[in-house]
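Okay, structure first, notes after.
The values are calculated or read from the model by the stated rules, or taken from the named source; none is laboratory data. Remember, predicted model here, so these are calculated numbers, not experimental data. Every residue, glycine among them, receives a Cβ derived from its backbone with ideal geometry; neighbour counts consider all protein chains shown.
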Amino acid sequence: MATRVPYRPLPIDQTDVVYEYGPDSERRAGVPAGETVELRIEESATYPGTSRRVWVHVPTGHDPAEPANLMVFNDGWWYLDPDGDVRGGIVLDNLVHAGDIPVTIGVFVDPGVFVDRDDPDERKNRNTEYDAFDDRYVTFLLDEVLPLVTARWAVSGDPDRWGICGGSSGGDGALTAAWLRPDRFRRVIAFLSSFAQMPGGNPYPDLVHAGPPQPLRIFLQAGHRDLGWNEPEMNWLAENLRTTAALVEAGYDARLVLGDGGHSANHGGVLLPDALRWVWRPRSRGSDGEHES
């Protein structure tokens, strides 16, 4: 059966495009709010000198006898804030309540800060954590954050049921975490990824073609007016397109949604409900054998 998409005119002026949110990004009558628990990590072995906050959001439908899916969200509060651009907790509550996705516990992890530094810019460890192509961030998640979650809530150990989401530099961190540890994370949502500013350049177009496909499912979003969109270098749009092209050429289960906006969390936030539905969609069988529906 064909999926029919309603007609919507394209915006002609792309200088300030803002997408409207759908009903899954708003509190809905009859949908109980899940429990949100704040944790603090005052010291880190992986990133010495940093501290941070972590929020664990558990939808009301979670049954301790049934292990849940797990989705890590980089830029913790920014992605959890019910009045913000993404509204991750509200989205999880709505989708789980409707049965659109399996029960999914959201782990919203703030980037680290150096509390002993006075300069606001020097306090932030965000780019170090998210943009680097190395295993420090995923090691930090696996060794220092997620044990706090699995010790308290029932979470599946199946890597096909673990995902990670982020935007901008957080999108870099999300894909790198899954790329380096597909034995733990296999579902990725990456909005407006800042591949262009990764130290040493964007590694993914070459890496994707260097070996057989990894067992990842990857949802990407990019913007026509992202940073440097018409520049020959440091072009956020172009690097997202190059990464997506490499993934689909190599046979990955990947999807790109291209919007008309700039470097804003708005479009990604609007897309989050459908991105979660897409990454958690079940396998099916078709005429050409097993494939992803």
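Within region 85-93, is even one residue within 29 Å of P23 (Cβ to Cβ) and surrounded by fewer than 22 Cβ atoms within 10 Å (Cβ to Cβ)? Yes. G61 fulfils the conditions (1) out of contact with any Ser or Thr (no Cβ under 7 Å at 6 or more places or on another chain); (2) modelled with pLDDT of 95 or more except for a single criterion, (2). Screening the candidates G251, G200 for the property of being at positive phi, in contact with a Pro (Cβ under 8 Å, 6 or more places away or on another chain) and not aromatic (F, W, Y) yields one hit, G251. Summed over region 94-136, the residues that are surrounded by fewer than 17 Cβ atoms within 10 Å (Cβ to Cβ), of a type in the set (A, V, I, L, M, F, W, C) and either in contact with a Phe, Trp or Tyr (Cβ under 7 Å, 6 or more places away or on another chain) or closer than 30 Å to P23 by Cα (or both) give a count of 1.
All of (1) out of contact with any helix residue (DSSP H, G or I) (no Cβ under 9 Å at 6 or more places or on another chain); (2) surrounded by 10 or more Cβ atoms within 10 Å (Cβ to Cβ); (3) acidic (D, E) hold for D81 with one exception: (1).
Name the single residue that is surrounded by the most Cβ atoms within 10 Å (Cβ to Cβ) among those in region 260-279 being under 12 Å from the mean Cα position of the chain (by Cα) and either within 16 Å of S194 (Cα to Cα) or of a type in the set (G, A, S) (or both). Working first, answer last.
Residues of region 260-279 under 12 Å from the mean Cα position of the chain (by Cα): 265, 268-269, 271-273, 275-276, 279.
After this cut, where a residue has to be either within 16 Å of S194 (Cα to Cα) or of a type in the set (G, A, S) (or both) as well, the list is 265, 268-269, 275.
Values: A265: 20, G268: 30, G269: 23, A275: 24.
Filtering region 260-279 for residues that are under 12 Å from the mean Cα position of the chain (by Cα) and either within 16 Å of S194 (Cα to Cα) or of a type in the set (G, A, S) (or both), the one surrounded by the most Cβ atoms within 10 Å (Cβ to Cβ) comes out as G268.
Residues in region 261-293 that are acidic (D, E) and at pLDDT below 95: D288, E290, E292.
Of all the criteria given as (1) farther than 24 Å from I189 by Cα; (2) in contact (Cβ under 8 Å) with a residue 60 or more places away in the chain, the one not satisfied by P102 is (1). In region 44-52, is there at least one residue being aliphatic (A, V, I, L, M) and either crowded, with 17+ Cβ neighbours inside 10 Å or without any contact (Cβ under 8 Å) to a residue 60 or more places away in the chain (or both)? Taking every residue of region 44-52 in turn, none turns out to be aliphatic (A, V, I, L, M) and either crowded, with 17+ Cβ neighbours inside 10 Å or without any contact (Cβ under 8 Å) to a residue 60 or more places away in the chain (or both).
Residues are listed down the side, and each one gets a yes or a no for (1) modelled with pLDDT of 95 or more; (2) surrounded by fewer than 24 Cβ atoms within 10 Å (Cβ to Cβ); (3) touching a Ser or Thr at 6+ places or on another chain (Cβ under 9 Å):
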position	(1), (2), (3)
W153	yes, yes, no
D160	yes, yes, no
G163	yes, no, yes
S168	yes, no, yes
L192	yes, no, yes
P199	yes, yes, no
N202	yes, yes, yes
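From the list V91, V72, pick out the single residue that is of a type outside the set (F, W, Y) and in a helix (DSSP H, G or I). Can you show your working first?
Numbers: V72 fails: in a helix (DSSP H, G or I).
Checking each option against the conditions leaves just V91.
Entry remark, region 4-29: residues being farther than 16 Å from H224 by Cα, in a loop (DSSP other than H, G, I, E, B) and either touching a residue at least 60 places away in the same chain (Cβ under 8 Å) or among the charged types (D, E, K, R) (or both) number 8 in total.
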